Amino acid sequence: MYLLFSGCNMKKIQKRDFPSAMKYRIIKYVLPLVLIAHCAVLLMTSCKTKQTVELPAPVQVHQYEPEHSPNVFLVMYDKEIGKETLLKAIKEYKCEIIYDYDIINGMALKKPEDKTLEETMQDFRLVKGVTTVEYDHIIRLTDPVKPRLEIE
C-alpha cells in the first residue's frame, strides 16, 4: 500500500506501521490547521466594537407603604344584630355596594361623590351593628410580609 500524501516520499508502509504513520501525518498537517483555526476564531471574537449596549432600566424596589383605595372602604358588621341597619345607612348615605362578603360578615362600599373617604368612614362607625370600618388596602404580591403582633 502506497501513501500519496503531499510530502511523502512514496515508501511502502506495512499494515503494522499504518497507525504510527497516520499519527505522524495528523500531528504534522492537521494539528497546525486546527490551532490556526482556533487562533482565528479567538481573534475574531475578541475584537471590540464601537456599538454601545443600552442597559435596561433598573428594577424599582417597591417600598412597603400601606396603600388604600381612594373611593372604597370595608365595613364589618355583627352577625347577631344583622345587616338591616347597615343597608338602611347605605341607602340614606347614597353609597354603592361593591361586594357583600357573606363569609366574614362585611361589605365593600364605594363612598358618595360629595363626601371624603375619611368623613364617610367616620359616619359608618356610628351605625348600629357595625363592628369595624377599614380602608380597602391594596396589597401587591411583591410586598414584603410583615407579621402583625397583636398583644391583648
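Remark: spin-label model distance E134-K110 equals 2.2 nm, labels positioned 7 Å along the Cα→Cβ axis. Rounded to the nearest 0.05, what FRET efficiency do I81 and E118 give with R0 = 22 Å and r taken as the Cβ-Cβ distance? Could you check? The value I calculate is 0.35.
Report the gain in length on full extension from L42 to Y99: 0.36 nm times residue separation, minus Cα-Cα distance, nm rounded to one decimal. Working shown, then result.
Values: separation 57, 0.36 × 57 = 20.52 nm, distance 6.59 nm.
Value of the extension gain: 13.9 nm.
In this structure R125 has an accessible area near 110 Å², from a 1.4 Å probe over the protein heavy atoms.
The values are calculated or read from the model by the stated rules, or taken from the named source; none is laboratory data. Here the structure is a predicted model, which is why all the values come from computation and not from measurement. FYI the Cβ positions are ideal-geometry reconstructions off the backbone, even for glycines, and counts take in every protein chain you see. Quick note on the areas: whole protein, heavy atoms, side chains included, nothing else; ligands and nucleic acids left out. Shrake-Rupley method; radii C 1.70, N 1.55, O 1.52, S 1.80 Å.
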